[in-house]
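Engineer: Can you keep this structure in mind? I'll have questions shortly.
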Amino acid sequence: MASYKFLTSKSWMPVLRHVSKSHYFQTVYLSSSASVYDKDIKEYKAPQTDTTNVVKKLQRPPFGKNLFLGKFDNEILAFPEVLDKERLQMLDEMVAPVEKFFEAIDSKKIDAEGKIPKETLDGLKALGLFGQQIPTEYGGLGFNATEFARIAEITAIDSSVAVTLAAHQSIGLKGLLIAGNEEQKAKYLPRLATGEWVAAFCLTEPGSGSDAASVQTKAVLSDDGNHWIMNGNKIWISNGGIADFFTVFAKTSVRGKTGEMEDRVTAFLVERNFGGVTHGKPEDKLGIRGSNTCQVFFENVPIPKENVLGEVGAGFKIALNILNSGRFSMGSSGAGMLKKLVGWSAEHAINRKQFGKPLMEFELIQEKFAKMAVTIYAMESMAYLTSGMLDTYEEPDCAMEAAMVKVFSSEAVWNCTSECLQILGGLGYMKDYPYERFLRDARILLIFEGTNEILRILISLLGLQHAGKSLSEMVRKVRNPTANPGFAVKKMWERFRRNPQNPSLNLHLESFLHPSLKRPSELLEKRVLQFEMAVEILLSRHGKEVSTKQMDLRRVADVAIDLFAMTAVLSRSSRAYCIGLRNAEHELELANSFCVDADIRCERLISELFAGEQFTQDLSLKKIATTIFQNKGYCAEHPLKQNA
Ligand SMILES: Cc1cc2nc3c(=O)[nH]c(=O)nc-3n(C[C@H](O)[C@H](O)[C@H](O)COP(=O)(O)OP(=O)(O)OC[C@H]3O[C@@H](n4cnc5c(N)ncnc54)[C@H](O)[C@@H]3O)c2cc1C
């Protein structure tokens, strides 16, 4: 057996290590005056992080995508320690006032009235929460992804507020950070950092939802060439009614490579006071009721040509980059919210007696808590592993990892919130308790920032395209066996020899983890090796057509998500044990339990991928769906129906 070589987080070095003096003094000021926030929130000075001397690592190969080739980057098994001690301490000191502020928010009232009070918004601004990831030179807090994720754990406790903040900075102004030029940043970021101006992200239209490239809002250049004139209609825009600044995606006519004019999406920075920008009344929604969601209309809006974001015609890529960069934080925000709910439900289970015993003594209740803890552990681990990659790698390619965090976490929040409500029984259903509100609020997570269906397709296609580049020659030959008979036979023999059901383990993942994690690390390794074979089989079987095989794409995405989650929990729990964190044994238990469950899920999915649709339920399911559409609904006869 290979010897145990626990990777310390030094392998993620260099970490962010520069902290300015002024930051230090502000922190001391903050920590030495805990009552500062109480006295007057306007006096509160949020700590500033100077990121000018941040050192980043060289580029690394994409972890998630490489799983599709059976390549496993062992360095990921050293859970990232992105923040040095000083910076971590400063973050901890920001946590306390933010928690205090959120404890005082009346979420029930916000939900009932469908509006966040002005004082709450002012308080958020005073805490610096509108400028978390805006660099300090523009008046923001200069947070990296890890710090942002940590604060998101707290702000998630009021979903309406969380969505307002996310619409502002995760998507509304993110384009400016990613693709803005110096003049644009200098002009807008200071006002956006303080929250003097609120931002919104305008992509969705009545006819353009998941198919975001099909936007119809149009911008044409004015005759004098100085302005773009925008006309169109966006729907369900978070902050749409309160924003002063909009990142808007519109069709523009550009000369293509062939010299012909073609429609391409361009991103624009639009101020409300350009004129011609109006909004509809706030939508009446199932959840996140206090967040403002409106239609936004653009009628002959004159946009100075300097307000094009990035290149004309390159807006769709910017939209994708914006969405890809923000999704990872759903893991930490979801975990933050669930940790609260689990705490409240645990208290109930301890105190509530039925059949002469507290609920906590019943196995079915214990199982619920254990499964929720395992799930939360996975969410947190995936989120902070991804934020660590974003903070540490140069030009990180983490779109897949971020999407995996979003899909896993949104579904976990929905399921666990429902379980917490169940533990409360009838009380959970009552509006006097917050569970039904959390459940309503949680539902949106599966829909926005890319629906989970679209993200599963994204995850699998990103990976398959990546693998396809290396495997194209092999796929071409295997798909044409008559022209390459020798190759096809050789490939079949090679597959047989690799023993898909029980591949020999040669990645030695266990040697990078604590020895007590040997068994789950072998489970992960086995599934990684099988996954590579499944990808190869899938590409050989379908070639380019694979992009239309959505049931298989869903399986591929679900295996990839589980492999990433297994990696994250193993890496985190090993580190926790090796550095002697409190409750490290518990963490090993959580990681182990997650891996055992994930392994069972992967086994089924991979065996279905190996088998192909003839041997799964896929054809039958398609037939059932076709019958439903032909009959415009469920069409089995009523069980009471008798033949005449
Ligand atoms: C509360 C709220 C806030 C929002 N905030 C914003 C915002 O700030 N800015 C903004 O631009 N937008 C915003 N949106 C819009 C949101 O991003 C879209 O609702 C989302 O992208 C899905 O689009 P759609 O609702 O039109 O659904 P559709 O695209 O019509 O999809 C309907 C269903 O079909 C599935 N589907 C679609 N295409 C495929 C496919 N090819 N294969 C398989 N399944 C498919 C989807 O997954 C979904 O389940 C918000 C929406 C809501 C509800």
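Engineer: Quick one: in the range 447-484, which of the residues that are surrounded by fewer than 18 Cβ atoms within 10 Å (Cβ to Cβ) and within 12 Å of the ligand (Cβ to nearest atom) is farthest from Ala212 (Cα to Cα)?
Structural biologist: The extreme case among them is Leu461.
Engineer: Taking the residues in the range 423-446 that are within 26 Å of Arg554 (Cβ to Cβ) and more than 12 Å from the ligand (Cβ to nearest atom) as candidates, determine which candidate is surrounded by the most Cβ atoms within 10 Å (Cβ to Cβ).
Structural biologist: Ala442
Engineer: Residue under question is Ala370, and the condition is that it be touching a residue at least 60 places away in the same chain (Cβ under 8 Å), in a helix (DSSP H, G or I) and under 14 Å from the mean Cα position of the chain (by Cα); does it hold?
Structural biologist: No.
Engineer: Only residues that are of a type in the set (S, T, N, Q) and buried (at least 17 other Cβ atoms within 10 Å of the Cβ): list them for the range 485-515, please.
Structural biologist: Hit for the range 485-515 is Ser511, nothing else.
Engineer: Can you spot a residue in the range 216-230 that is in contact with an Asp or Glu (Cβ under 8 Å, 6 or more places away or on another chain), over 23 Å from Gln169 (Cβ atoms) and without any contact (Cβ under 8 Å) to a residue 60 or more places away in the chain?
Structural biologist: The answer is yes, given that some residue of the range 216-230 is in contact with an Asp or Glu (Cβ under 8 Å, 6 or more places away or on another chain), over 23 Å from Gln169 (Cβ atoms) and without any contact (Cβ under 8 Å) to a residue 60 or more places away in the chain.
Engineer: To continue, here is another question. Got at least one residue in the range 570-582 being surrounded by 12 or more Cβ atoms within 10 Å (Cβ to Cβ) and more than 28 Å from the chain's Cα centre (by Cα)?
Structural biologist: Within the range 570-582, one or more residues are surrounded by 12 or more Cβ atoms within 10 Å (Cβ to Cβ) and more than 28 Å from the chain's Cα centre (by Cα).
Engineer: Another one. If I go through the range 414-428 residue by residue, how many of them are in contact with an Asp or Glu (Cβ under 9 Å, 6 or more places away or on another chain) and touching a residue at least 40 places away in the same chain (Cβ under 8 Å)?
Structural biologist: Counting residues in the range 414-428 that are in contact with an Asp or Glu (Cβ under 9 Å, 6 or more places away or on another chain) and touching a residue at least 40 places away in the same chain (Cβ under 8 Å) gives 1.
Engineer: I need the full set of residues from the range 179-221 which are away from the ligand (no atom under 16 Å from the Cβ) and surrounded by fewer than 14 Cβ atoms within 10 Å (Cβ to Cβ), in order please.
Structural biologist: Asn181, Glu182, Glu183, Ala186, Glu196
Engineer: Please verify whether the range 287-300 includes one or more residues that are charged (D, E, K, R), touching a residue at least 60 places away in the same chain (Cβ under 8 Å) and assigned to a strand (DSSP E or B).
Structural biologist: Yes, the conditions are met somewhere in the range 287-300.
Engineer: Exactly one of (1) crowded, with 24+ Cβ neighbours inside 10 Å; (2) more than 16 Å from the ligand (Cβ to nearest atom); (3) part of a helix (DSSP H, G or I) is unmet by Gln169. Its number?
Structural biologist: Only one criterion is unmet by Gln169, namely (2).
Engineer: Let me ask something else. Checking Ile303 against (1) more than 16 Å from the ligand (Cβ to nearest atom); (2) part of a helix (DSSP H, G or I), which single condition isn't satisfied?
Structural biologist: Failed condition: (2).
Engineer: Hey, another quick one. Report those strands (runs of 3 or more DSSP E) wholly inside the range 222-285 carrying at least 3 residues which are surrounded by 14 or more Cβ atoms within 10 Å (Cβ to Cβ), within 16 Å of the ligand (Cβ to nearest atom) and within 31 Å of the chain's Cα centre (by Cα).
Structural biologist: The qualifying strands (runs of 3 or more DSSP E) are 227-238, 245-255, 261-271.
Laboratory data are not the source of any read-out in this text; all were calculated from the coordinates shown. Please read all numbers here as calculations on a predicted model, not as lab measurements. Cβ coordinates were reconstructed from backbone atoms using ideal geometry, including for glycine residues, and neighbour counts include every protein chain displayed.
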